[in-house]
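For reference, the structure discussed in these notes is given below.
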Amino acid sequence: MQVPAILTSIALALGIAFAGAAGGQPRPDPLSGQSAQGDSTILEMAQAFRKPDRKRLTALLPLARGHVLEPWAAYWEARVRLEELGSADLQAFAARFPGSYQEDRLRNDWLLLLGQRRDWPTFADEHARYRMNDDKEVRCYALLIEQMKNGANASAGLAEEVRRNWYAQRETDDGCALAAAQLLADRKLQPIDIWRKARLAMETNRPRMAGKAIEIVSPESLPLLNELNDSPTKFLTSKVIAISRTRKEMIMLALIKMATGDADNAATLLDSKWSTQLTAEERNWTWGVIGKQAAQKLSPSAQDYFGRITKDEDLTDDMLGWKTRSALRAGQWKQVASAVNAMSPEAQQDPTWVYWKARALQAQVKSDLDRVEPTRLFQSIAGVRGFYEQLALEETGQKITVPPRPAALTPEEKAIASVNPGLVRGLYAIQLGLRGEGNREWNYTTNLHDRGGMNDRELLAAADLACQREVWDRCINTSDRTKSMIDFDQRFPMPHQQAVVQRSRDIALDPSYVYGLIRQESRFVTDARSGVGASGLMQVMPATARWTAKKIGLTGFTADPINDRDTNIAIGTGYLKLVLDDFAGSMPLAAAAYNAGPGRPRAWRNGPTLEAAIWAENVPFAETRDYVKKVLSNTTNYAAILTGQPQSLKARLGTIGPRDPTVPDPSKDLP
């Protein structure tokens, strides 16, 4: 990629937009005067920040003066000396870069430091200017201040918000734990709320986080935590009785720890020794964890374990989700409906559970009156936006078609987007190779700079700006956020159409399927690289590329040009075709294999023959489960675009069951 040429193109294109702004008055071009030397300075500062090299950042900062990405340069230099900053420094930064992502990012970092220092007056003063409002720990500090200030008169939902934020934290934090401790002392939270945090942490193998919770509610029990974490089996077999609340909770933590590695043994110990010593809530929660672990292994035992639960409302939404999935595999529609009904109101609004509840009610219809509620539920989510929306649309008797385009953007709407500083900086950073920084600034500008984010017309204009610059991931993701209107040209673009369609048809692949997969894999970013080393449009691993090249007769192949567009498409489509043939043309199985490797879906297909939507919902890996559904939904929408004809997602799904043992495996060495 020739970055300078691309950046010059952006500058010229945006310059035209600035000149054509509303009223015909030329606007200053924020990209004018950028130089290769200035770009090099920014890139060098980015490297220095990652090291971090404070001296180099200080030396280079004056050279970044006037560059469009100067706010990033100033942020990097200030961030490495955050602990030395004072309020005056923050105010000076805000005055120089008002309203910018970097101003609010530095404020976010500063607020976290103030919270750790317990400098509540300064925190409260600075928090009033905080716009981002997406950091759960910062929010917990703010709620803690409100609780300390107002006590019994604090807002009614304060404790629930702290609990929700704390439970959602994946790493040990200070702010939410501190707020929870204060609320426990003020009797706004109960001991069980703290213990539940410890349970959640233990289930996700975060003993340090569990310890932080136990330190709040029962610090004397920390030695027991270390003991059970070292060997839950030894802990459970060496203990005899659990009378106190604390001892019961420690037994639960040991059972949870064991269940994550051996659900069946945990079930045996719970059933034979500990069940009668736990409360009903504790038993239900523990059976919920055991059932979830068994369900994630697609074990028939999951149904038995979930069947031991006497009150579904004692379970988390995550456990209830797996109880629903297990019931779907078993064809137990009443259990599906009851599990969804026990979920939180927020979870019940998820299209996944709206759809399956409707299906469960539909399966139990005995009269026309019984059809009213499932029909209402299907209609409430029916559309083209996603997997379950499309399935619901088909349940109402309709097919998937391209929706009408929104009204064309006006020159004024386009001009406003083209001079938005955050969007301009975001695009420039991305094209310079600072994709992470550019994405963060772009997302902040569209989603967080103003409360509630941009409205639909503003989002369409921002997406159009990205589309015109062929920054396809920002184009797609931004347009995806619109609520009242859908622009398929933005949401489902078709870059490299001739290459993709021709190559797909040459090897008898549906080009809609290829486009649906590329959209999910890379969002058409040609130099995309995953954390595990997959590269290019179709995110091909080097070893897979070499194997595929041999299979398709691509002689003299090396992994070096894997990001080359045509090479990546040839290798990616070639591998996808081999995978699809291996799974007898099943698009859901092939998509799962492309994401997780073919060995896993070969195992996941064993068991009962299921409709593919049920099979996909039971994929154990969250990433692959989401991937399969999105690829198939994308495929259906691309088919509607490419053919101009109504499409069926159901027809692409079919059923999934064990491989026919009489049919030979065509690709036993398929990587």
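The values are calculated or read from the model by the stated rules, or taken from the named source; none is laboratory data. Computed from a prediction, not measured in an experiment: that's the story for all the values here. Note that we place each Cβ from the backbone using ideal geometry, even for glycine, and neighbour counts take in every protein chain shown. Heavy atoms of the whole protein, side chains included, go into the accessibility calculation; ligands, DNA and RNA do not. Shrake-Rupley method; radii C 1.70, N 1.55, O 1.52, S 1.80 Å.
At least 2 residues being among the small types (Gly, Ala, Ser), within 25 Å of the chain's Cα centre (by Cα) and crowded, with 17+ Cβ neighbours inside 10 Å is the threshold, and among the helices (runs of 4 or more DSSP H) wholly inside the stretch 603-671 those reaching it are 612-617. Does ASP104 fit the bill of being closer than 24 Å to PRO421 by Cβ, in contact (Cβ under 8 Å) with a residue 24 or more places away in the chain, out of contact with any strand residue (DSSP E or B) (no Cβ under 8 Å at 6 or more places or on another chain) and open to solvent by 60 Å² or more (accessible area, probe 1.4 Å)? Here the answer is no, as ASP104 does not meet what is asked. Taking the stated definitions as given, is ALA179 within 18 Å of LEU111 (Cα to Cα) and crowded, with 21+ Cβ neighbours inside 10 Å? Yes: the conditions hold for ALA179.
The combined condition, being open to solvent by 20 Å² or more (accessible area, probe 1.4 Å) and touching a Leu at 6+ places or on another chain (Cβ under 7 Å), is not fulfilled by THR58. With respect to (1) open to solvent by 20 Å² or more (accessible area, probe 1.4 Å); (2) in contact with a helix residue (DSSP H, G or I) (Cβ under 8 Å, 6 or more places away or on another chain); (3) within 23 Å of GLY86 (Cα to Cα), the lone exception for ALA142 is condition (1).
Quick check on my filter: what residues within the stretch 270-282 are of a type outside the set (Val, Ile, Thr), surrounded by fewer than 23 Cβ atoms within 10 Å (Cβ to Cβ) and assigned to a helix (DSSP H, G or I)? Scanning the stretch 270-282 gives ASP271, SER272, LYS273, TRP274, SER275, GLN277, ALA280, GLU281.
Each residue in the stretch 511-541 was checked for being out of contact with any helix residue (DSSP H, G or I) (no Cβ under 7 Å at 6 or more places or on another chain), at pLDDT 90 or above and open to solvent by 30 Å² or more (accessible area, probe 1.4 Å), and 2 of them qualify.
Give me the pairs: first residue in the stretch 216-238 and over 11 Å from MET250 (Cβ atoms), second residue among the small types (Gly, Ala, Ser) and open to solvent by less than 50 Å² (accessible area, probe 1.4 Å), beta-carbon distance under 7 Å, and six or more apart or on different chains, which are they? Within 7 Å, the pairs are ILE216/ALA177; ILE216/ALA180; ILE216/ALA181.
Tell me, yes or no, whether the stretch 81-100 has at least one residue that is touching a residue at least 60 places away in the same chain (Cβ under 8 Å), in a helix (DSSP H, G or I) and closer than 26 Å to GLY438 by Cα. Checking the stretch 81-100: not a single residue is touching a residue at least 60 places away in the same chain (Cβ under 8 Å), in a helix (DSSP H, G or I) and closer than 26 Å to GLY438 by Cα.
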